[in-house]
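Report on the following structure.
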Amino acid sequence: MLPSALFVFLSLGDEVPMRWIKTAASLAGTTAFIAIGWAWLYHLGDRQALAVPPLSLEGYMHEVLPDAPAKKTVLKVDNSACYVCHGNYEEESLVLTHGKKKVGCIDCHGTSYAHRNDEDNVTPPDKMFPPDAIDPMCRECHTAHDVPARKVIQRWQERCPQKTDPARLVCTDCHFQHRLRLRTVRWNKKTGQLLIRQEEKPPASAAGRDRASAAEERRSGQQ
C-alpha cells in the first residue's frame, strides 16, 4: 500500500487534501504516514523550486540610487511669523545667509507687529528701505567690500545692465533676490504711505521686471 500511496501523492503534489493524509495515517500506520508525508513535502519543495526562477540582479548591478533630499538649512533665528505671508522668502538666499548668522527679518524690518496682525494688509512694516537707504543699512554690518573690480562689473552686467549710472547701483542689485515679483500693495518706503493696492500681473521678462521696478521707485518718490 505504501508504494501506491506514494505514487498517488507524488503525482498530485501540492493538490493533496489534508484529509487524504489523515486517512493514509489511519490505514497504513504511523511509520508509513511519516514516510508518505516526508516524500510529499520533498516532492512539493522540489516542484516549487523548479517553478520559481532564481533571483537575477542583471540590470541592477550598476543602478544609481537617487540622492537623498537636501537637508533644510538650519537657521539660528525664528522667521516663522513672517513666512505666514512671505513664504517665498523661506528659501531665499539673503534670508538663509543672514539667518545662519542670527540675523532675522526683524533685525532689518523691525518687529512690525501691526503689519503682521493686519489681515487687510494695508499697514506697512516698521522699516522699509528705499534705494538710497539700502547701502547705509548694509554697511552697518558689512564694513568692507573686498571684491575685484572685474567681478563687480561682471555682476553688474549680469544683473542690472539697464542701470548705466554707477551712482544708482545698490547692494541688492548684485546680491540676492530679496524682492517680490508680484505686489498687490505698495507703500512709499520713506513715509509708509499706502500708494497702491491692486492685483498686478508679473512682467513676463527680465526687462519687464526691471521696468516695473523703476516704475515702483518713481511712484514711491525714491528715485
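Pairs are defined by a Cβ separation below 8 Å, a sequence spacing of at least 6 or placement on different chains, a first member in the range 126-144 that is assigned to a loop (DSSP other than H, G, I, E, B), and a second member that is of a type in the set (S, T, N, Q) and surrounded by fewer than 15 Cβ atoms within 10 Å (Cβ to Cβ); the pairs so defined are Asp126/Thr111.
Do the conditions hold for Ile153, that is, is it part of a helix (DSSP H, G or I), among the β-branched types (Val, Ile, Thr) and under 15 Å from Thr172 (Cβ atoms)? Taking the combined requirement at face value, the residue does not satisfy it. Taking the criterion of being hydroxyl-bearing (Ser, Thr, Tyr) and within 21 Å of His175 (Cα to Cα), the residues of the range 84-113 that qualify are Tyr89, Ser93, Thr97.
Just to be sure, is Gly104 touching a His at 6+ places or on another chain (Cβ under 8 Å), free of Cβ contacts under 8 Å to residues at least 60 places away in the same chain and either under 26 Å from Ile196 (Cα atoms) or surrounded by 12 or more Cβ atoms within 10 Å (Cβ to Cβ) (or both)? It is true that Gly104 is touching a His at 6+ places or on another chain (Cβ under 8 Å), free of Cβ contacts under 8 Å to residues at least 60 places away in the same chain and either under 26 Å from Ile196 (Cα atoms) or surrounded by 12 or more Cβ atoms within 10 Å (Cβ to Cβ) (or both).
No lab work stands behind these numbers, since they all come straight from the coordinates. Because the structure is predicted, anything quoted here is derived from the model rather than measured. Counting neighbours? That spans all protein chains shown, and the Cβs are built from the backbone with ideal geometry, glycine included.
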